[in-house]
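The structure under discussion appears below in the form of structure tokens.
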Amino acid sequence: DTAVSQTPKYLVTQMGNDKSIKCEQNLGHDTMYWYKQDSKKFLKIMFSYNNKELIINETVPNRFSPKSPDKAHLNLHINSLELGDSAVYFCASSLTTGKGYTFGSGTRLTVV
Amino acid sequence: AQKITQTQPGMFVQEKEAVTLDCTYDTSDQSYGLFWYKQPSSGEMIFLIYQGSYDEQNATEGRYSLNFQKARKSANLVISASQLGDSAMYFCAMREGPNNQGGKLIFGQGTELSVKP
């Protein structure tokens, strides 16, 4: 039933490890996103995919690699995790235009 | 550059009273959309209300209304009859379009609302 679901909800890992966050939407939206919320709660776009095509890559280190196997899925893989990567990562989806813009429940990543 | 400004880092309101959360924006586009989201302490982002730049009427959704003043580039959120469950962080966001195929939202800094019993 969940419109945008992302897993896991919590992720604690050591520096240098590689981890993935998965996201799926069942809303029939054509665009999916990854946002990062920092410790001051500021939200910023990282990536945007439209119909599996990368549209936005917002000055994100290339250790972050999004992958969209189909319109309903957008995963985020992070290599060589650093302390500064600790944040909450939100997946979202929308139609290209219009008011429907739905967020997942977030993944709290803690790098130790 | 596109920008969203929320000038109230924190606000208090008495239960059952109305409260206005301020949001101003800056864009050179004629077509854009404005969103408000609520983020409770549990962390999820809950969509509250949307206003399109060409919408002539102010948007309303239950106890939420958006006071849209286009010439002043403001999109304030009004919550009527505040409830304890309204205590949360509130974000204003803007999406430019329809040419913005990326569809990204630009967020303000947020306002932490506390409702007092």
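The values are calculated or read from the model by the stated rules, or taken from the named source; none is laboratory data. For clarity, every value in this text was computed on a predicted model and none was experimentally measured. Quick reminder, even Gly has a Cβ in these numbers, built from the backbone with ideal geometry, and neighbours come from all protein chains shown. To get the accessible areas, we keep the full protein, side chains included, count just its heavy atoms, and leave off ligands, DNA and RNA. Shrake-Rupley method; radii C 1.70, N 1.55, O 1.52, S 1.80 Å.
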Fill in the blank from the handout: Ordered by number, the residues of the range B:40-79 that have at least 50 Å² less accessible area in the complete protein assembly than on their own chain alone (1.4 Å probe) are B:Met45
Completion exercise
For the range B:53-117, the accessible surface attributable to carbon and sulfur atoms (probe 1.4 angstrom, ligands and nucleic acids excluded) amounts in percent to 45
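Over chain A, with the other protein chains present, what is the accessible area per residue in square angstrom, probe 1.4 angstrom?
Spelled out: the 1.4 Å probe surface of chain A, per residue, equals 50 Å².
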Problem - Protein-protein interface of the range A:86-111, residues with accessible area decrease of at least 30 Å², isolated chain reference, 1.4 Å probe - result: A:Phe90, A:Thr96, A:Thr97, A:Gly98, A:Lys99, A:Tyr101, A:Phe103
Completion exercise
Result for interface chain B to chain A, accessible surface buried in total, 1.4 Å probe, Å² to 100, stands at 1900
Exercise for the section: Pop a pseudo-label 7 angstrom from the Cα along the beta-carbon direction at both A:Leu83 and B:Ser80 and give the gap in nm to one decimal. Expected result: 5.1
Exercise for the section: Jot down the radius of gyration and Dmax of the range B:15-117, Cα atoms only, both in angstrom. Expected result: 13.7, 46
Problem - Candidate aspartates and glutamates - alpha carbon under 19 Å from B:Lys70, same-chain residues fewer than 8 apart omitted - result: B:Asp22, B:Asp26, B:Asp29, B:Asp55, B:Glu56, B:Glu96
Exercise for the section: Work out the length of the dipole vector of chain B about its Cα centre, built from +1 on the beta-carbon of each Lys and Arg and -1 on the beta-carbon of each Asp and Glu, and round it to the nearest 20 debye. Expected result: 120
Fill in the blank from the handout: Scaled by the rule-of-thumb 2.2 N^0.38 Å, the alpha carbon Rg for the range B:1-46 gives a ratio of 1.46
Handout entry: Relative contact order of chain A, defined on C-alpha pairs under 8 angstrom at six or more residues apart (%)
Key = 37
Practice task
Send over the per residue convex hull volume for chain A, Cα only, as a whole number of Å³.
Solution key: 94
Fill in the blank from the handout: Note on the range A:6-54: residues buried by at least 30 Å² of accessible area once partner chains are added (vs chain on its own, 1.4 Å probe) come out as A:Tyr35, A:Lys41, A:Phe42, A:Leu43
Completion exercise
1/(1 + (r/R0)^6) with r = Cβ-Cβ of B:Asn58 and B:Lys16, R0 = 22 Å, i.e. FRET efficiency to nearest 0.05, evaluates to 0.50
Practice task
Please go through the range A:1-83 and write out the GluC sites (Glu not before Pro) that DSSP classes as loop and that have at most 15 other C-beta atoms within 10 Å.
Solution key: A:Glu58, A:Glu82
Handout entry: Average Cα contact separation per residue, chain B, under 8 Å, 6 or more apart, as relative contact order %
Key = 37
